[in-house]
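Participant: Got a structure here, written out as structure tokens. Questions coming.
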Amino acid sequence: MGLKSFAGPGVFLSVGIYLLKSWANGPMCTSDARLDGKVVVITGANTGIGKATALDLVKRGAKVYLACRSLERGTAAADDIKKLTQAGDDRVLVRELNLGSLASVRSFAEKFKSEEPKVHILVNNAGTMMNPLESTEDGFEMQIGVNHLGHFLLTLLMIDRLKAAAPSRVVVVSSNAHRDAETLGLDQMHFSHYSEENFSSWRNYGRSKLYNILFAKELARRLEGTDVTTYSLHPGVIATELPRHMIQNAYLDAIVRVLFWPFTKSVVHGAQTSIYAAVEPALASESGKFYRDTAEATPNFKMLEDVEEDSRNLWETSVQNVKLTVDEFEEIDGTML
């Protein structure tokens, strides 16, 4: 058998993989909206879809703060973005933010407020997935603490800056994994609730993503009439560092990534729904909705009895857990709490 005998199947396979990858990547955000003079904060912007989102918004003229746990990695990402966009140091900035520490969240917000009177777009992008059982600095299960409570507090502390910039937006990166949360579990946020026997990392990840959607929904209700709008979204299944806790063997991880490559979005494509929610003019009159592949989608709330009441209960429980100070309460505008 010669090479020609393999040409037909090889071409067919290549075309098939190309079409499959194109389908998996999904649509691009087609908005050409400019963000000149706008201030943006993106959490977890040193890598993955956070970095891709930052790059896109800088290209649109925004001043972007990369809020990262590692200043070293954040600075490297900022350098990459500046090289690709020719933006100056005054348009791509890095600030330390560890969402697993409420003290770090407060420190970030205080520093940011000393620098900026407004924030036009807040992208709650950072996340952690499939962690082993571990606690945040404040005693919460890690995924609940980082994915939900850290962002919850950050958003509340930025409310005055968002209102000052109105029309402004809060974009919350969730996941279709929210459908795998078996219960709302508001009494299960603390690390002390768990043992190795009763802990499911995937279930808690799903619950944290459910909280993201309910938070965006309830925040929209409480901000109605302020011209601050909110959006939650599923970015897609993406080849990023997020699942780093799932496979800790480097060789096995590499093999799995190659095998699943045709079924996953690229990082650039994975950022498109975040970008869409941040810039699409048609969404200016919408708030509290969920999106996937740059289009509105319907979340799966099969585990909830009353979505509106559960959203309010999540909000109230989260307020209690982040322990707002009197000064923070007044800055936020206690009437919305």
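The values are calculated or read from the model by the stated rules, or taken from the named source; none is laboratory data. The shown structure was predicted, so the numbers you read here are calculated from the model rather than taken from an experiment. Note that each Cβ is placed from the backbone with ideal geometry, even for glycine, and that neighbours are counted across all protein chains shown.
Participant: How many residues, within the stretch 95-116, are surrounded by 16 or more Cβ atoms within 10 Å (Cβ to Cβ) and either within 15 Å of THR43 (Cβ to Cβ) or polar (S, T, N, Q) (or both)?
Facilitator: The number of residues fulfilling the criteria is 13.
Participant: Going by the conditions given, is LEU162 of a type outside the set (Ser, Thr, Tyr), crowded, with 18+ Cβ neighbours inside 10 Å and closer than 15 Å to VAL228 by Cβ?
Facilitator: Taking the combined requirement at face value, the residue satisfies it.
Participant: While we're on this one: Which residues, counting only those in the stretch 61-90, are among the hydroxyl-bearing types (Ser, Thr, Tyr) and within 18 Å of the chain's Cα centre (by Cα)?
Facilitator: TYR65, SER70
Participant: Something else: Taking helices (runs of 4 or more DSSP H) that fall entirely within the stretch 215-324, which contain at least 2 residues that are hydroxyl-bearing (Ser, Thr, Tyr), farther than 27 Å from ASP36 by Cα and at pLDDT 95 or above?
Facilitator: 307-322
Participant: Test of understanding: among VAL123, VAL119, which residue is part of a loop (DSSP other than H, G, I, E, B) and crowded, with 17+ Cβ neighbours inside 10 Å?
Facilitator: The match here is VAL119.
Participant: Next up: Considering each residue of the stretch 174-212, count those that are under 25 Å from THR53 (Cα atoms), touching a helix residue (DSSP H, G or I) at 6+ places or on another chain (Cβ under 6 Å) and not small (Gly, Ala, Ser), and give that number.
Facilitator: Of the residues in the stretch 174-212, 5 are under 25 Å from THR53 (Cα atoms), touching a helix residue (DSSP H, G or I) at 6+ places or on another chain (Cβ under 6 Å) and not small (Gly, Ala, Ser).
Participant: OK, next. Among (1) closer than 30 Å to ILE332 by Cα; (2) among the small types (Gly, Ala, Ser); (3) assigned to a loop (DSSP other than H, G, I, E, B), where does ALA67 come up short?
Facilitator: Here ALA67 meets the rest and fails (3).
Participant: Tally the residues that are without any contact (Cβ under 8 Å) to a residue 24 or more places away in the chain and at positive phi, restricting the search to the stretch 46-94.
Facilitator: 1
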